[in-house]
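Novice: The structure under discussion is supplied below as C-alpha cells; questions concerning it will follow.
The values are calculated or read from the model by the stated rules, or taken from the named source; none is laboratory data. This one's a predicted model, so the numbers in the text were calculated from it and none came from an experiment. Every residue, glycine among them, receives a Cβ derived from its backbone with ideal geometry; neighbour counts consider all protein chains shown. Ligands, DNA and RNA are stripped out before the accessible areas are found, and what is left, the full protein with its side chains, is counted by its heavy atoms. Shrake-Rupley method; radii C 1.70, N 1.55, O 1.52, S 1.80 Å.
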Amino acid sequence: MPTEQPYALIFDMDGTIVDNTPYQAKSFQLLFRDLGLTTNARKLLERLNGMPATNILKTVFTSPVPEKQLKEYASQREFLYRVLYWDKRREVAGLTDFLKAARAAGFKIGLGTGSPGDTISYIIDHLDLRQYFDVVVGKDDVDRGKPHADTYTTTSRQLGIPPERCLVFEDAILGEQSAYKAGMRCICLTTSIRADKFQAPLHVMPDFTQLTPERVLELLEQHPETPRPSKELAKRAYMKL
C-alpha cells in the first residue's frame, strides 16, 4: 500500500455514493411543471449535474430571475426531492466495503459536493457514512461550485494531500471537469450517464463492488498525468456560471 505521502480519495455525493439522479430529475420536473416550463429535466441534468441548484435553474429561464427567487425555487425543488427520495436512500453497491478497505490501506478520504450541509446530512448521516470521511466539503465551504475547481481544491487542502495525489470519484460531466481543473485524476460511475459521455477517466464502473484499493493504486500508477479540461466543454455557456 502507499509508502510515500498517502493518496487521497475524494467522493462526490449525489449520483456517486448514492444513486439518486432519477429522483433529482423528477423533483426538477415537478418544479418545472409548477412553473409552466417545458424543460426536460433529465436531459438538463445530463449536462449540468453537479452544479448548485440555483445555477442550474438560471439556465432554464429566458429572462433573468432575482437571486432570492432562484433560492426559493431551489428550496421548493429540495423539498420535492426529499419527499420523493425519503424511503429510497441507499448507498451505491459496495461503497461501505470499499471505504473500509481504502481506509485500512492508508488512503485519506474526503467528500466534496455542491450540496449544502443539511442536504449532506440527509444522505451521509442517514446512511451512517460520515465516519468514513476525514473531511466533508459542501456548498457552504467554497465561493464557487462545480464546474469550478474550488470544491476539490478545498477538500485536498483540508486533507493535507496535494492535488496530484488525489483521485476523484464522479458521476457527472461537470464534476469530472472540476477534478481536472483541480489537477486531479478521476474515476467515473455510470449511475447518471453513459460511459462514453465522460472525457478521460482512469476507469468507468457501475458501482464499487469490483473495486479494490490495490486496483486503485494500479490505475494511478498506470496513468500518472492529469487530463486537461475539455476545451469543447469549457466553451459552453453554462461553464461560465
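Novice: Between K100 and T209, what length in nm is gained on full extension when 0.36 nm per residue of separation is reduced by their alpha carbon distance? Don't jump to the answer; show the numbers that get you there.
Specialist: Details: separation 109, 0.36 × 109 = 39.24 nm, distance 1.27 nm.
Gain on extension, K100 to T209, equals 38.0 nm.
Novice: What is the calculated FRET efficiency for T62 to R157, with r their C-beta to C-beta distance and R₀ = 41 Å, to the nearest 0.05? Kindly include the intermediate steps, with their values, before the conclusion.
Specialist: On the way: r = 39 Å, r/R0 = 0.95.
Result of the calculation: an efficiency of 0.55.
Novice: Mind sorting out which of (1) 57, 40, 30; (2) 63, 32, 29; (3) 60, 37, 34 is the real Cα extents along the principal axes in Å computed from the coordinates?
Specialist: Structure-derived value, by its label: (1).
Novice: Leaving ligands and nucleic acids out of the surface, order L219, L202 by accessible area at 1.4 Å, largest first.
Specialist: Per-residue accessible area, sorted high to low, gives L202, L219.
Novice: Going from the alpha-carbon gyration tensor of region 139-238, what semi-axes, largest first and in whole Å, does one get by taking the root of 5 times each eigenvalue?
Specialist: Calculated on Cα positions only, the semi-axes equal 20, 17, 13 Å.
Novice: In square angstrom, what is the accessible area per residue of the chain with a 1.4 angstrom probe?
Specialist: Ligands and nucleic acids excluded, the result is 46 Å² per residue.
Novice: Where the accessible area of the chain is counted over protein heavy atoms with a 1.4 Å probe, how much of it, in %, is carbon and sulfur?
Specialist: In the chain, the share of accessible area belonging to carbon and sulfur is 48 percent.
Novice: Cut-off under 25 Å on the C-alpha distance; same-chain residues fewer than 8 positions from K108 excluded. Which lysines are left, in chain and number order?
Specialist: Excluding near neighbours in sequence, the set is K100, K139, K146, K181.
Novice: Only Cα pairs within less than 10 Å get springs; with that Gaussian network setup on the chain, which residue of G175, G106, G145 has the largest fluctuation?
Specialist: G106
Novice: Among K43, K197, K68, whose mean-square fluctuation peaks in a Gaussian network model of the chain (Cα, cutoff 10 Å)?
Specialist: K68
Novice: Once every DSSP H run of n ≥ 4 in the chain is given -39500 (n - 2.57) and the sum is divided by its residues, what mean residue ellipticity at 222 nm do you get, rounded to the nearest 500 deg cm²/dmol?
Specialist: After summing the helix terms and dividing by the residues of the chain, the value is -12000 deg cm²/dmol.
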